[in-house]
Amino acid sequence: MKFGIVVFPGSNCDIDCYHVLKDVLNQEVNYIWHDSEDIEDYDCIVLPGGFSYGDYLRCGAVAQFSKAMDKVKKHAEEGKLLIGICNGFQILTESGLLPGALVRNKNLKFICDTVEVKAENNATPFTNQLKDGEVINIPIAHGEGNYVVDEETLEKMKENGQILFTYQENPNGSIYNIAGVCNESKNVLGMMPHPERASEAILGNGDGIGIFKSIIAFFEGGQKND
């Protein structure tokens, strides 16, 4: 399996994702510069966390116009896997690849903490190695992680199983305690928590590794952990 990590000016979690995929999980992975249009050979694209273009306009608002994003959209339309983490989630909503938007946290402060996140649907490419209803501890670090979406779309997302992760104790005010959602086709995931920062037991927390293992398991045959 081949992963590609898109690097925008201001990305700061790209190296973390690369380390987990390459050194921990022994997967083939390359960096993709934001103005590259050569991404056809990748099975899964990662949009990492950080502050793309400094978040000077609005989180993810400028990054959505990068040359690479045109190809990323095509990648997703072809049914290939795409995951956006934190700032990457913001880019996905700004690009229209996921419904809703991310706005300022309810307390108007940047939050850096480890939170409990519940897996709401383990029948997806991103969650098949998690138990249904499993609670994992994953770090968050964001100022605009408050997920909002209109009620009609929210109900549709519930029916379609698009809500993949919810907070046990809502840290930022997100509607329905949402921490991560996918598209209707289940091949695009956006989540605010950082699984790459919780993927090695030697560092004190390996809870996030299941998300990356799920992607690999899906690609290799869709094995599910009931």
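The values are calculated or read from the model by the stated rules, or taken from the named source; none is laboratory data. Everything numeric in this text was worked out from a predicted model, so none of it was measured. Neighbour counts run over all protein chains shown; Cβ positions are idealised from the backbone, glycine included.
I'd like to know if region 179-197 contains one or more residues that are outside any helix (DSSP H, G or I), touching a helix residue (DSSP H, G or I) at 6+ places or on another chain (Cβ under 8 Å), farther than 21 Å from VAL46 by Cβ and hydrophobic (A, V, I, L, M, F, W, C).
Checked region 179-197: no residue is outside any helix (DSSP H, G or I), touching a helix residue (DSSP H, G or I) at 6+ places or on another chain (Cβ under 8 Å), farther than 21 Å from VAL46 by Cβ and hydrophobic (A, V, I, L, M, F, W, C).
Which condition number in (1) assigned to a helix (DSSP H, G or I); (2) within 18 Å of the chain's Cα centre (by Cα) is the one that PHE165 fails?
With respect to (1) assigned to a helix (DSSP H, G or I); (2) within 18 Å of the chain's Cα centre (by Cα), PHE165 is out only on (1).
So how many residues does region 186-204 have that are modelled with pLDDT of 95 or more, farther than 12 Å from PHE89 by Cβ and either surrounded by fewer than 24 Cβ atoms within 10 Å (Cβ to Cβ) or among the small types (Gly, Ala, Ser) (or both)?
Going through region 186-204 one residue at a time, the tally reaches 6.
Is it true that some residue in region 197-209 is farther than 22 Å from LEU25 by Cα and among the hydrophobic types (A, V, I, L, M, F, W, C)?
no
Quick one: would you say GLU155 is in a helix (DSSP H, G or I) and either hydrophobic (A, V, I, L, M, F, W, C) or more than 15 Å from the chain's Cα centre (by Cα) (or both)?
yes
Run ILE45 past the list (1) in a loop (DSSP other than H, G, I, E, B); (2) hydrophobic (A, V, I, L, M, F, W, C); (3) without any contact (Cβ under 8 Å) to a residue 60 or more places away in the chain; (4) crowded, with 20+ Cβ neighbours inside 10 Å and report the number of the one that doesn't hold.
Exception for ILE45: condition (1).
Here is a list: ASP226, ASP132, ASP113. Which entry is farther than 25 Å from GLY4 by Cβ, modelled with pLDDT under 95 and touching a strand residue (DSSP E or B) at 6+ places or on another chain (Cβ under 8 Å)? I'd like the intermediate steps shown before the answer.
Working: ASP226 fails: touching a strand residue (DSSP E or B) at 6+ places or on another chain (Cβ under 8 Å); ASP113 fails: modelled with pLDDT under 95.
After ruling out the rest, the residue left standing is ASP132.
Which ones in region 149-168 are surrounded by fewer than 18 Cβ atoms within 10 Å (Cβ to Cβ), more than 25 Å from PHE212 (Cβ to Cβ) and either touching a His at 6+ places or on another chain (Cβ under 6 Å) or touching a residue at least 40 places away in the same chain (Cβ under 8 Å) (or both)?
Of everything in region 149-168, just one residue is surrounded by fewer than 18 Cβ atoms within 10 Å (Cβ to Cβ), more than 25 Å from PHE212 (Cβ to Cβ) and either touching a His at 6+ places or on another chain (Cβ under 6 Å) or touching a residue at least 40 places away in the same chain (Cβ under 8 Å) (or both), namely THR153.
For region 60-125, give me every one of the strands (runs of 3 or more DSSP E) that falls completely inside it and has 3 or more residues that are surrounded by 22 or more Cβ atoms within 10 Å (Cβ to Cβ).
Here the list reads 81-85.
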